[in-house]
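Q: Input: one structure, supplied below.
The values are calculated or read from the model by the stated rules, or taken from the named source; none is laboratory data. These figures come from a predicted structure and were not determined experimentally. When we count neighbours, we look across all protein chains shown, and the Cβ atoms used for this are built from the backbone with ideal geometry, even at glycine. Accessible surface is based on the protein model in full, side chains and every heavy atom, while ligands, DNA and RNA are left aside. Shrake-Rupley method; radii C 1.70, N 1.55, O 1.52, S 1.80 Å.
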Amino acid sequence: MDFEEAREFVRNLKLTCKNEWTSYCKGELPDKALKPNDVPATPNITYKDSGWQGWGDWLGTGTVPQKSMKDRPFEEAREFARSLELGSVSDWKKYCKGEHLEKSPKPDDLPESPNSAYKDKGWIGWNDWLGTNTRK
């Protein structure tokens, strides 16, 4: 099956992530029709040079891997993080998961792991990131 036709078939399955795709390919999702033989289990390899743009495109979720996103500059990101007035790393993780319903959702260009994303770009530590060392 060509890339476009296979992708359309897969998108109609309404799978949400690569792990679901893997389970589907193994026949572990009984509510879904079996995978046709002409739809590859490894589309990232089969279609590498003929349309492959990532799992979010393949599945139709639009999800872009964090490593492919361009993060906002450190100073701007830290200013935003501090404006949230979170008190701990645990609060930050909850915020990233959308568990702080009183706050606006995390922007896509703000990394969930700023300690890694900004390691050599200004990162000092969590207290600095959250601004907890400057609050009274």
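Q: Where does the chain land on the Kirkwood hydrodynamic radius, alpha-carbon pairs, in angstrom?
A: 17.6 Å
Q: How large is the translational diffusion coefficient of region 37-98 in µm² per second when you combine the Kirkwood radius over alpha carbon pairs with Stokes-Einstein at 20 °C and 1.002 mPa s?
A: Approximately 144 µm²/s, per Stokes-Einstein.
Q: Residues of the chain: accessible area per residue at 1.4 Å, in Å²? Present the calculation step by step, with values, prior to reporting the outcome.
A: Numbers: 8930 Å² over 136 residues.
Spelled out: the 1.4 Å probe surface of the chain, per residue, equals 66 Å².
Q: For region 41-57, what does the Karplus curve 6.51 cos²θ - 1.76 cosθ + 1.60, with θ = phi - 60°, yield as ³J(HN,Hα) per residue in whole Hz, taken in order and with x for Gly and Pro?
A: Values per residue, Gly and Pro as x: 6, 10, x, 5, 8, 4, 9, 3, 10, 9, x, 4, 10, x, 5, x, 5 Hz.
Q: Hey, got a sec? Which trypsin sites (Lys or Arg not before Pro) in region 76-123 land in a DSSP loop and have at most 13 other Cβ atoms within 10 Å?
A: When the trypsin sites (Lys or Arg not before Pro) of region 76-123 are filtered for loop state and at most 13 Cβ neighbours within 10 Å, LYS97, LYS119, LYS121 remain.
Q: Given DSSP loops and a limit of at most 12 other Cβ atoms within 10 Å, what is the longest stretch of the chain that contains no such GluC sites (Glu not before Pro)?
A: The answer is 29-84.
Q: Then there is this: Among the lysines, select those whose C-alpha is under 22 Å from the C-alpha of LYS106, and discard any that sit fewer than 8 residues away in the same chain.
A: Those lysines meeting the cut-off are LYS67, LYS70, LYS93, LYS94, LYS97, LYS119, LYS121.
Q: While we're on this one: So what are the radius of gyration and Dmax for the Cα set of region 55-128, in Å?
A: Cα only, region 55-128: 13.1, 39 Å (Rg, Dmax).
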